[in-house]
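*Asks:* Here's a structure for you.
Read the figures in this text as sums done on the coordinates, not as results from a lab. These numbers were taken from a predicted model, which means no experiment stands behind them. Backbone-built Cβ (ideal geometry, glycine too); neighbour counts: all protein chains shown.
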Amino acid sequence: MFNVLYQDVRQWCRGKWAIVRFPLWAGSFYILYHYLINPDYGSILSPLNLGIHELGHLLCMPFGQLMHIAGGTLVEVLAPFLAMLNFLRQKDYFAISLCFSWLSTILFEVARYVSDARARALPLVSPFSFGEDIIHDWNYLLTHWGILEHDQLLAFLIRLAAGTAMIAGLFLGGWILWLMLTLGDEPASFKKT
């Protein structure tokens, strides 16, 4: 199966323009660098991630308070995987690499809020609270599961997963760009999108 996928990726790369995709790939380096030096960094994808997070709360509301609160993060993390499945169906392998980078931005932001579970110092956003007290998702979840005192360890592990996802996206995207540049009959500067 791996060999079939490998050959399919190589075939897909033939005749594609690497130059139009390179800025997206390089942008992932930029985002990773800023998340590593500043845990409070918000990438260009942060508003999208927040919107999906809030949608997750709405979608999971009928399933009880625990799922309502956990649903924001669950749907937010699930979104890049659903996008990957869609791009796999379309055989757009470079877009799959970008989904790993997108997942990384989500995980970095989740880690920021997990690390704040005990302190509850970060500003919270809830467009649907209508004057009610806003519940800190991760304070509630970690308290419910009896592991609130491990918020910093959990945040570290999530940051590790975020870095791993970004490196996977960069590696896959870089390999695909390299294939686009080296495969095909046309000079690299004239390859089709």
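*Asks:* Going by alpha carbons, how many degrees (0 to 90, nearest 10) lie between the helix axis of 65-90 and the longest principal axis of the chain?
*Replies:* Its long axis makes an angle of about 10 degrees.
*Asks:* While we're looking at this one, here's another question. Return the equivalent ellipsoid semi-axes of the chain as a descending list in whole Å, where each equals the square root of 5 times an eigenvalue of the C-alpha gyration tensor.
*Replies:* 37, 17, 14
*Asks:* A further question follows. For the pair Gln90 and Ala26, what calculated FRET efficiency results from E = 1/(1 + (r/R0)^6), where r is the Cβ-Cβ distance and R0 = 35 Å, to the nearest 0.05?
*Replies:* E between Ala26 and Gln90, to the nearest 0.05, is 0.90.
*Asks:* Right, here's the next one. Angle, helix 2-13 long axis vs. longest principal axis of the chain, Cα atoms, 0 to 90°, nearest 10?
*Replies:* That helix lies at roughly 70 degrees to the long axis.
*Asks:* Please provide three numbers in whole Å: the alpha-carbon extents of segment 1-58 along the principal axes, with the largest listed first.
*Replies:* Extents along the principal axes: 39, 31, 20 Å.
*Asks:* Want the number for Asp40 to Gln65: 0.36 nm per residue separation, take away the alpha-carbon distance, what's left?
*Replies:* Gain on extension, Asp40 to Gln65, equals 6.2 nm.
*Asks:* By the gyration tensor of its Cα atoms, with a ≥ b ≥ c the square roots of the eigenvalues, what is the shape of segment 25-134: rounded for a/c under 1.5, prolate for a/b over b/c, or oblate?
*Replies:* It is oblate, given that a/c is not under 1.5 and a/b is not larger than b/c.
*Asks:* Relative to the first principal axis of the alpha-carbon coordinates of the chain, what is the inclination of helix 46-60, with its axis defined by its Cα atoms, in degrees from 0 to 90 and to the nearest 10?
*Replies:* Relative to the chain, helix 46-60 is tipped by roughly 60 degrees.
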